[in-house]
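The values are calculated or read from the model by the stated rules, or taken from the named source; none is laboratory data. Computed from a prediction, not measured in an experiment: that's the story for all the values here. Because the Cβ atoms are built from the backbone with ideal geometry, glycine has one as well, and the counts that use them run over all protein chains shown. Just so you know, the surface numbers come from the protein's heavy atoms only, side chains and all, with ligands and any DNA or RNA stripped out. Shrake-Rupley method; radii C 1.70, N 1.55, O 1.52, S 1.80 Å.
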Amino acid sequence: MVSKIGTKDKKGALFIVSAPSGAGKTTLCKAVRNRFPDIGYSVSHTTREPREGEKDGIDYHFITTDDFEKKIRQGKWAEWARVHGNYYGTSADFLNRCMDSGQDILLDIDVQGMRQITAGFPDSITFFIMPPTLEVLRERIETRGTDTKEVIERRIKNARAEMDLRHLYRHVVVNNQLDAAIAELATLIASYR
Ligand code: 5GP
């Protein structure tokens, strides 16, 4: 069960960014958030273990599987999905608060989440970040050094499947050269504000 969001007339824009892991999305989203500090950022909830350096409440809200499943039953998620064997979800309360105050929001979610949000909000502006090649993606995931061999293979398999769905997005940004990709994404976002 997912919660209905956006109850008032005056609504902010929803910017959705998806990418296979290793495409540089986190770096791109951080740059966009620095460029547009007035855009609200939805910190997702997840049941996966924090990576080194990740902080609870900043990178994710890290919660238990029991807690996550309870919130599914209570209809607390605007969208949720299982990605790479873990739960990820967006708080409906947070989205509602931002949207009702007319604030624009940036969501960093996967393809499944994008589909759930755009089903309720077809006006959402969606971006898919592509790595230049699958080889580069593999290299980036491997050099990150945070995942086991099995997890790396699962992420690459998922990446292929996600990239096959990029046509569902309004914009595709290829992250070949980081500065150029940041500029492209920022220009596109600015054009909607
Ligand atoms: P990671 O574990 O590498 O941080 O994220 C794995 C994937 O989960 C990424 O594709 C990311 O976009 C996605 N993700 C993160 N938060 C959410 C969320 O709240 N909902 C959904 N559907 N996907 C999410």
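Numbers below:
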| quantity | calculated |
| --- | --- |
| Only Lys, Arg (+1) and Asp, Glu (-1) charged, at Cβ; the chain dipole about Cα centre in debye | 360 |
| For the chain: relative contact order, % (alpha-carbon pairs under 8 angstrom, 6 or more apart) | 34 |
| Solvent-accessible area of S191 with every protein chain in place, 1.4 Å probe, in Å² to the nearest 10 | 80 |
| Two-site label geometry, R160 and I58: point separation in nm, points 7 Å out along Cα→Cβ | 3.7 |
| Heavy-atom surface of the chain, accessible at 1.4 Å and reported per residue (Å²) | 52 |
| Inter-part distance where region 24-43 and region 69-120 are each reduced to a Cα centre, Å | 17 |
| Summed residue charge, Cβ within 14 Å of F62's Cβ, Lys/Arg positive, Asp/Glu negative | -3 |
| The chain: most fluctuating residue of P131, P20, P37 per GNM, C-alpha cutoff 10 Å | P37 |
| Beta bridges by DSSP in the chain, antiparallel share as percent, to the nearest 5 | 30 |
| Geometric extent, Cα atoms of region 1-121 - Rg, Dmax (angstrom) | 13.8, 41 |
| Per-pair calculated FRET efficiency, R0 = 35 Å: R73 and R51 via Cβ, rounded to 0.05 | 0.80 |
